[in-house]
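Engineer: Next up is a structure, given as structure tokens.
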Amino acid sequence: MTASSVRPVSEREARQVAEAAREQVWHKPSFAKELFLGRFRLDLIHPHPAPAPDDVRRGEAFLAKLGEFCATRVDAARIEREARIPDETIKGLKELGALGMKIDTKYGGLGLTQVYYNKALALAGSVSPAIGALLSAHQSIGVPQPLKLFGTQEQKDRFLPRCARTDISAFLLTEPDVGSDPARLATTAVPDGDDYLLDGVKLWTTNGVVADLLVVMARVPRSDGHKGGISAFVVETASEGVTVENRNAFMGLRGLENGVTRFHRVRVPAANRIGPEGAGLKIALTTLNTGRLSLPAMCAGAGKWCLKIAREWSAAREQWGKPIAEHEAVGAKISFIAATTFALEAVIDLASQMADEDRNDIRIEAALAKLYGSEMAWLMADELVQIRGGRGYETAASLAARGERAVPAEQMLRDLRINRIFEGSTEIMHLLIAREAVDAHLSVAGDLIDPDASLPDKGKAAARAGGFYARWLPGLVTGPGQLPRAYAEFRPPADHRHPDGKRSARPASGYRDLSPHLRYVERSARRLARSTFYAMSRWQGRMETKQGFLSRIVDIGAELFAMSAACVRAEMLRSRGDHGVEAYQLADTFCRQARIRADELFGRLWTNTDDLDRKVVSGVLSGAYEWLEQGILDPSGDGPWIADATPGPTSRRNVHRPIH
């Protein structure tokens, strides 16, 4: 089977596969889900949840060790220059226990919380994003997380101690002609006695070049005694028939051990299957619910670095008689970086603490954090390059060669770019979040807009929808956001204690009032829900094709979530006397910037070029504008757009490089 002849799948079948894999029921409350329904449940995130003292003690102790290791034993310039993390660095991380940050102590891991795991990734990733990616791919989506959630006790006893200290793991889903459409998955696992025979090719296997253990998604054919379906397996990379055929190279993350892995009649024991047959995609999606938090954690760390460099450089560099930071054009960029970094840290810390407490369903919050963090971090790095000017475009090695500080701003921009693609591209995240955001509507009225639903089913859906909307729609008319004194706890008290210990009859100098922003969030949540309802009424079954509209709905929700997190974090810091004034200032600035973006998105829900864009796309694909491409030469090489992925024995050298 060639890559181009993968089993054809209809759009409807692809949707059915994706729908079957997602969690169907909401067992716990969700702040973001309620937000998209027009209900601002501030009580779900405020007061800000706090970690247990023992978790803080253990987490801070490890961060201190990791910080010392990264400062003294990681040569970031060498990793960039050689496009490889040195073996001794990886061995040092193993000795430190960094492979087992999320693994329970009874299996030899450190047992860190999600909060401190993410703090560790941000710290390591700030020194070398390649190291952050190595640790994240191993623990967030590699063997440890799916085994923690779905593995048998025997599997945990066998594999988790290895993952905690010695063995690197990877997650293999993508194929040369299969990305975000798993219904077309071509890798097979055919039952053979007590084993499965694995055949297929996997692409972009982060950690795959150096991994000892793999989580592989493969399709089991239906047969007697076998339910079949996409299933998850733990595979030993040293197994006969496993070949790493290529180590891929990218514009950024040059130390990334990412490759192409071929399986030819690889014998995998049935005992290595995670969960039942057919549960592979559900396992993958559930794993990603918290696994996605690792990327925005590193994005928040990148923001902190961008802020540090922007501050130091803008104070040192002068133009027209004063530091460039004092020029409004540059100052606006610095303000954006500072305020957005505060918000990203607020989002990731809140979502991580919610994951640790396990009181809320955070599938939407984690997805929003990934979407928002990856997009905003890219913008911050781009602004830093602009602030640095020519030096921002120049490599760190070139800067050092001519005697200046080796600031890798252009590398940061390149390294961050992949986060908008990793673990669900921005476009796919928009669709995933939009599906969850309208879940309540589809649950009660889905058959009404389903062209294949029977008349009796449509009648039942109409009855359900009538009851739901009779209760729901009136709540979208008015709310606390219209009351001038609502959310008064986010207005600093008049007797706020100053750092000098004295009390004042007026709010402390420098404080901002955050309550108007929360009232805006409440009003906007209701407006967002009304817009979604109107769109569903207008487009019905065609709603899923309105991807531009759905993307804007999601982006508005992301801004509202970030505003909420920023305000809640600022109040938490104020209440414990930790940079409260500054936190309120940053939260206020961020919220004002976010409101401008949200208002623009609201306007673009109904005033846009979506219809015109579709017509232009049709013209491009039909060749109507091919004349526009004249006058250039294409330097691309020859070869197929998608590589051949025909199952069979390899014809290439195995470049697998285990590190022991």
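Engineer: To the nearest 0.05, how large is the calculated FRET efficiency for S454 and R402 if R₀ is 51 Å and r is the Cβ-Cβ distance?
Structural biologist: Here the calculated transfer efficiency is 0.10.
Engineer: Hey, if you put +1 on the Cβ of every Lys and Arg and -1 on every Asp and Glu Cβ in segment 347-496, which of Q482, L350, T395 ends up farthest toward the positive end of that dipole?
Structural biologist: The one lying farthest along the dipole's positive direction is Q482.
Engineer: Using the Karplus curve 6.51 cos²θ - 1.76 cosθ + 1.60 with θ = phi - 60°, work out ³J(HN,Hα) for each residue of segment 526-539 in order, rounded to whole Hz, and write x for Gly and Pro.
Structural biologist: With coefficients 6.51, -1.76 and 1.60, one gets 5, 5, 4, 5, 5, 5, 5, 4, 4, 5, 5, 5, 6, 9 Hz.
Engineer: Show me 33-46, 281-294, 261-274 ranked by packing, highest mean number of other Cβ atoms within 10 Å first.
Structural biologist: Packing order, densest peptide first, comes out as 281-294, 33-46, 261-274.
Engineer: Follow-up question, since we're still on this one. Among 425-437, 563-575, what's the highest-first ranking by average C-beta atoms within 10 angstrom per residue?
Structural biologist: Output ranking for 425-437, 563-575: 563-575, 425-437.
Engineer: Between T607 and A64, what's the calculated FRET efficiency when r is the beta-carbon distance and R0 is 51 Å? Round to 0.05.
Structural biologist: E between T607 and A64, to the nearest 0.05, is 0.45.
Engineer: Right, another one. Please give, to one decimal in nm, the separation of the simple spin-label points placed at L473 and W627, each 7 Å out from Cα toward the Cβ.
Structural biologist: According to this spin-label approximation, the distance is 5.1 nm.
Engineer: For the ranges 362-372, 328-338, 405-415, 610-620, what's the packing order if you count other beta-carbon atoms within 10 Å of each residue, average per peptide, and put the highest first?
Structural biologist: 362-372, 405-415, 328-338, 610-620
Engineer: Sequence-distant or interchain residues sharing an amide H contact under 5 Å with I274, placed H: which?
Structural biologist: Amide H neighbours of I274, under 5 Å, 5+ apart: A232, F233, V234.
Engineer: Something else about it: Hull surface divided by four, with the convex hull built on the Cα atoms of the chain: how many nm²?
Structural biologist: 34.2
Engineer: May I ask which residue of I141, T188, G259 lies farthest towards the positive end of the charge dipole of the chain, with charges of +1 (Lys, Arg) and -1 (Asp, Glu) on Cβ and the Cα centre as origin?
Structural biologist: Farthest towards the positive end: I141.
Engineer: Taking all protein chains as present, what is the carbon and sulfur share of the accessible area of segment 117-270, in % to the nearest whole number, probe 1.4 Å?
Structural biologist: So the carbon and sulfur contribution to the accessible surface is 52 percent.
Engineer: Let me ask you something else. What is the gain in length, in nm to one decimal, between A463 and D634 on full extension, counting 0.36 nm per residue of separation less the C-alpha to C-alpha distance?
Structural biologist: 55.7 nm
Engineer: Related question: Specify, per residue and in Å³, the volume enclosed by the convex hull of the alpha carbon atoms belonging to segment 405-460.
Structural biologist: Once divided by residue count, the hull of segment 405-460 is 87 Å³.
Engineer: Suppose the chain between R576 and A315 were pulled fully straight at 0.36 nm per residue; how much longer would it get relative to their current alpha carbon spacing?
Structural biologist: Between R576 and A315, full extension yields an extra 90.9 nm.
Engineer: State, as an integer percentage, the relative contact order of segment 504-582 based on alpha-carbon contacts under 8 Å between residues 6 or more apart.
Structural biologist: So the answer I get is 44 percent.
Engineer: Please work out the average accessible area per residue across the chain, using the 1.4 Å probe convention, and give it in Å².
Structural biologist: 45
Engineer: Still on this structure: Setting aside same-chain residues fewer than 8 positions from K119, which lysines have a Cα under 20 Å from its Cα?
Structural biologist: Partners within reach: K65, K94, K102, K304, K308, K370.
Engineer: By how many nm would the segment from A238 to E82 grow when fully extended, if each residue of separation counts as 0.36 nm and the alpha-carbon distance is taken off?
Structural biologist: Length gained, A238 through E82: 53.6 nm.
Engineer: Have a look at V178, V407, G280 and report the one farthest towards the positive end of the charge dipole of the chain, computed about the Cα centre with Cβ charges (Lys/Arg +1, Asp/Glu -1).
Structural biologist: Value computed over the given set: V407.
Engineer: How many nm separate the modelled label positions at Q540 and A270, each set 7 Å beyond the Cα in the direction of the Cβ?
Structural biologist: Here the modelled spin labels are 4.9 nm apart.
Engineer: Name the shape class, rounded, prolate or oblate, that the alpha-carbon gyration tensor gives for segment 375-503, where a ≥ b ≥ c are the square roots of its eigenvalues, rounded holds for a/c under 1.5, and otherwise prolate holds if a/b is larger than b/c and oblate otherwise.
Structural biologist: Taking the square roots of the gyration eigenvalues as a ≥ b ≥ c, segment 375-503 is oblate.
Engineer: Same structure again: Return the sequence-ordered ³J(HN,Hα) values of segment 473-478 in whole Hz as given by the Karplus equation 6.51 cos²θ - 1.76 cosθ + 1.60 applied to θ = phi - 60°, using x for Gly and Pro.
Structural biologist: My calculation for segment 473-478 gives 4, x, x, 8, 7, 10 Hz in order.
The values are calculated or read from the model by the stated rules, or taken from the named source; none is laboratory data. Since the structure is predicted, the reported quantities are computational estimates derived from the model, not experimental observations. Backbone-built Cβ (ideal geometry, glycine too); neighbour counts: all protein chains shown. Quick note on the areas: whole protein, heavy atoms, side chains included, nothing else; ligands and nucleic acids left out. Shrake-Rupley method; radii C 1.70, N 1.55, O 1.52, S 1.80 Å.
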